[in-house]
Amino acid sequence: DSGVTQTPKHLITATGQRVTLRCSPRSGDLSVYWYQQSLDQGLQFLIQYYNGEERAKGNILERFSAQQFPDLHSELNLSSLELGDSALYFCASSGRRNEKLFFGSGTQLSVL
Amino acid sequence: DAKTTQPPSMDCAEGRAANLPCNHSTISGNEYVYWYRQIHSQGPQYIIHGLKNNETNEMASLIITEDRKSSTLILPHATLRDTAVYYCIVSLGSARQLTFGSGTQLTVLP
């Protein structure tokens, strides 16, 4: 158990809809990262937050947004969903030294 | 971040050492070598990382060549539960997101 909690584990929705994925980092970790893993793209970095502020952006679509709240949990919002958004979405957190990433077990999103 | 090259797949007999190679010929002086693994569709798991010196922890050993252009991850006594995709990543480390490549699928055979 990495200490990073992601909910829900599975999400099935339709094209055009909007969903929110939630992540609780390890206790004390200030950084939260979101990754997307699809069959054809592998693990892709989306975005990083540090103590409530956006720190780095990767290949995140404009339809996607994220935020980190004062209690350090984070949410990834995916809107106007397309079939190609079906993927595993992982959240990770890291401590003050940012040396290691601890990943959650992921949210499997299926867009039908 | 420097790019890495790994073999797409490897087999190893249970109980034997698994040696996973990684080439990172464009690594810069302040970049670390990280290893993560992903078992089936679980979240990736940190294994080990190093800068110049060889490193060992309870999971594995990391051997980095003197010129730092390649490294080897060693699982000393592979078990069936070590079957996973192993990712070698080169990164500046602190406060940087990691870029995962396609990794090596290690299959431990009974």
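Summary table below
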quantity	calculated
From the options B:HIS24, B:HIS49, B:HIS40, residue that is within 14 Å of another protein chain (Cβ to nearest Cβ), touching a Lys or Arg at 6+ places or on another chain (Cβ under 9 Å) and within 28 Å of A:SER38 (Cβ to Cβ)	B:HIS49
Residues of the range B:89-110 that turn out to be within 13 Å of chain A (Cβ to nearest Cβ), within 16 Å of B:PRO8 (Cβ to Cβ) and surrounded by fewer than 19 Cβ atoms within 10 Å (Cβ to Cβ), as a count	3
Qualifying residues in the range A:62-92 (those that are hydroxyl-bearing (Ser, Thr, Tyr) and more than 11 Å from chain B (Cβ to nearest Cβ)) - the one surrounded by the most Cβ atoms within 10 Å (Cβ to Cβ)	A:SER74
Matching strands (runs of 3 or more DSSP E) fully within the range A:16-112 where at least 2 residues are without any contact (Cβ under 8 Å) to a residue 40 or more places away in the chain and at positive phi	none
Test set (1) more than 14 Å from chain A (Cβ to nearest Cβ); (2) not in a loop (DSSP other than H, G, I, E, B) - B:TYR86 fails condition number	(1)
Residue match in the range B:58-75 (condition: aliphatic (A, V, I, L, M), surrounded by fewer than 15 Cβ atoms within 10 Å (Cβ to Cβ) and within 14 Å of chain A (Cβ to nearest Cβ))	no
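We did not get these values from a lab; they are worked out from the coordinates using the rules stated. Just so you know, these numbers come straight off a predicted model, no measurement behind them. Neighbour counts are summed over all protein chains in view; Cβ atoms, including those assigned to glycine, are modelled from backbone coordinates with ideal geometry.
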